[in-house]
Amino acid sequence: ATDSSVTNIAEDQKTSPAPKVLIYNFHVTNRCASCVAIEKGIQKTLDTYYVEEVKSGRIALKTLNVDDEENAAIAEKYQAFGSSLFLTRVFQGKETTTDFTGTGFKFAKNKSEKFVELLKAEIDKLLK
């Protein structure tokens, strides 16, 4: 099965003048402390800096369990077989993806402010 809201964003983007950012936060059923910290850091970043962009659909967050059969196709697309974080810029029908997994695991749990700062910088870059 596909996630129709994400597909619709990608389809809408083919005619949209501004880039959109899709944030895919993949996790397994039994989540570790780092996975939970990554999700909290993403939410804090969006709530602090991108309320309007999220509201308008310019930024979309998808938190997906890779163990759920319904997420198999999107997990396969991103080669996400465990905890993973990807930022995808969609602009003029093209997708460019940044693997942010390493940064998430390095900073989200013990240096959350640094994680928020780095995530914000990456999102800002992708929105241009």
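The values are calculated or read from the model by the stated rules, or taken from the named source; none is laboratory data. Note that the structure is predicted; figures quoted are calculated from it, not measured. A quick note on method: Cβ atoms are made from the backbone with ideal geometry, for glycine too, and the neighbour counts reach across all protein chains shown. Side chains included, ligands, DNA and RNA excluded: accessible areas come from the protein's heavy atoms. Shrake-Rupley method; radii C 1.70, N 1.55, O 1.52, S 1.80 Å.
None of ARG89, ARG58, ARG31 is of a type in the set (D, E, K, R) and more than 30 Å from PRO17 (Cα to Cα) except ARG31. If you go through region 51-70 and keep only what is open to solvent by 60 Å² or more (accessible area, probe 1.4 Å) and part of a strand (DSSP E or B), you end up with nothing.
For region 98-128, the set of residues classified as free of Cβ contacts under 8 Å to residues at least 24 places away in the same chain and closer than 21 Å to ARG58 by Cα consists of ASP99, PHE100, GLU117, LEU118, ALA121, ASP124, LYS125, listed by residue number.
How many of the residues in region 80-128 are in a helix (DSSP H, G or I) and not hydrophobic (A, V, I, L, M, F, W, C)? Total meeting the criteria: 13. For region 40-67, the tally of residues that are of a type in the set (Gly, Ala, Ser) and either more than 14 Å from the chain's Cα centre (by Cα) or more than 17 Å from PHE86 (Cα to Cα) (or both) stands at 2. Can LEU64 be described as in contact with a strand residue (DSSP E or B) (Cβ under 8 Å, 6 or more places away or on another chain) and under 14 Å from LYS120 (Cα atoms)? When the stated conditions are applied, LEU64 does not pass them. Looking at the structure I just gave you, is VAL90 open to solvent by 50 Å² or more (accessible area, probe 1.4 Å) and at pLDDT 95 or above? The answer is no for VAL90.
For every residue, the table says whether it meets (1) polar (S, T, N, Q); (2) buried (at least 17 other Cβ atoms within 10 Å of the Cβ); (3) in contact with an Asp or Glu (Cβ under 7 Å, 6 or more places away or on another chain).
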| position | (1), (2), (3) |
| --- | --- |
| ALA72 | no, no, no |
| ALA80 | no, yes, no |
| LEU85 | no, yes, no |
| THR96 | yes, no, no |
| PHE100 | no, yes, yes |
| ASN110 | yes, no, no |
| LEU118 | no, yes, no |
| LYS125 | no, no, no |
| LYS128 | no, no, no |
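Taken across region 43-50, residues that are under 23 Å from ALA18 (Cβ atoms), open to solvent by 90 Å² or more (accessible area, probe 1.4 Å), touching a residue at least 60 places away in the same chain (Cβ under 8 Å) and out of contact with any strand residue (DSSP E or B) (no Cβ under 9 Å at 6 or more places or on another chain) do occur, with at least one present.
Look at VAL36 and say whether it is open to solvent by 60 Å² or more (accessible area, probe 1.4 Å), out of contact with any Gly (no Cβ under 7 Å at 6 or more places or on another chain) and part of a helix (DSSP H, G or I). Taking the combined requirement at face value, the residue does not satisfy it.
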